[in-house]
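The values are calculated or read from the model by the stated rules, or taken from the named source; none is laboratory data. Keep in mind that this is a model prediction, so the values were computed, not measured. No Cβ is skipped: glycine too gets one built from the backbone with ideal geometry, and neighbour counts run over all protein chains shown. What goes into the accessible areas is simple: the full protein's heavy atoms, side chains included, and nothing from ligands, DNA or RNA. Shrake-Rupley method; radii C 1.70, N 1.55, O 1.52, S 1.80 Å.
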Amino acid sequence: MVSRRARGLSIGVNLNPDKRCNFDCPYCQVDRTTPGGPSRVDVPDLAAELEDLLRRAGGDLWAHPPFDTVAPDRRRVADVAFAGDGEPTTPPEFPAAARAAREARDRLAPGVPLRLLTNATLFHKDRVQAALAEFDGLWCKLDAGTEAYFQVVDGTRLPFRRILDNLLLVARERPIVLQSLFLTLNGRGPGDAEIAAWVERMREIVDQGGRIEHVQVYTVARTPSDPRAGALPGERLEAIAAAARARGLHAAAYA
């Protein structure tokens, strides 16, 4: 897909065709009420499909719908992104898939970044930690500032502290990008106190030696599976990004 945040074609790698995720975010477009596909990831097939797409992106891809309508300045491969229908670090094939994607990228598109879009829930696991080295960029979810709001907006009973500790763990080793999606639920968005708490959580990471390269503030862009969820207005997104910038963070709104 052509990504508003990557500003070009983002080639997605889906390691969760079974639709399993350890979050159940109300803004997610994945309909988990219908069955998914197989849980096993065939890494050689994944690598072959990725290689084919990388070759086509350097050739005739832009002559075919819907890519023929893409603006000329976006007709480029912006990244190869592990994302998909669940948390990509959960499958046992994650380390092997990361290595295979890195090798394909190195052969066919060495200037294209390999990114991981993740909720950071498993950064403390050794197998996940080892695989992170394959990626050029880590784009990590942080949608809340308090435990209560975190459980609502990310649909999980996992402790918020685990997310914060894992973000700090990795951010001390390398810079990370934070992805923060804010939305309305039944017409109401997060209040100023929640936004202040969100900014404070990021400042705590920085103050403890973590490096936050950039904060992406955005909202619902595709039809969510939960009808309660809606998009936050652009002016509110900009105000949220401004609150982060006021505390010394590099942040931008993506409407």
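Overview of results
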{"item": "Rg/Rg_globular for the stretch 76-129, with Rg_globular taken as 2.2 N^0.38 Å and Rg from C-alpha atoms", "result": "1.17"}
{"item": "The stretch 35-156 - Kirkwood radius from inverse mean 1/r over Cα pairs (Å)", "result": "16.3 Å"}
{"item": "FRET efficiency for residue 130 and residue 186, using Cβ-Cβ distance with R0 set to 35 Å, rounded to 0.05", "result": "0.25"}
{"item": "Of all accessible heavy-atom area on the stretch 105-255, the percent that carbon and sulfur account for (1.4 Å)", "result": "51 percent"}
{"item": "Rounded accessible area per residue of the chain, 1.4 Å, Å²", "result": "46 Å²"}
{"item": "Viscosity 1.306 mPa s, 10 °C: Kirkwood-radius Stokes-Einstein D of the chain over Cα pairs, µm²/s", "result": "84 µm²/s"}
{"item": "Globularity ratio of the stretch 100-165, using Cα Rg and 2.2 N^0.38 Å", "result": "1.37"}
{"item": "P(r), alpha carbons of the stretch 169-250 - 10 Å bins starting at zero, rounded %", "result": "17, 46, 27, 10"}
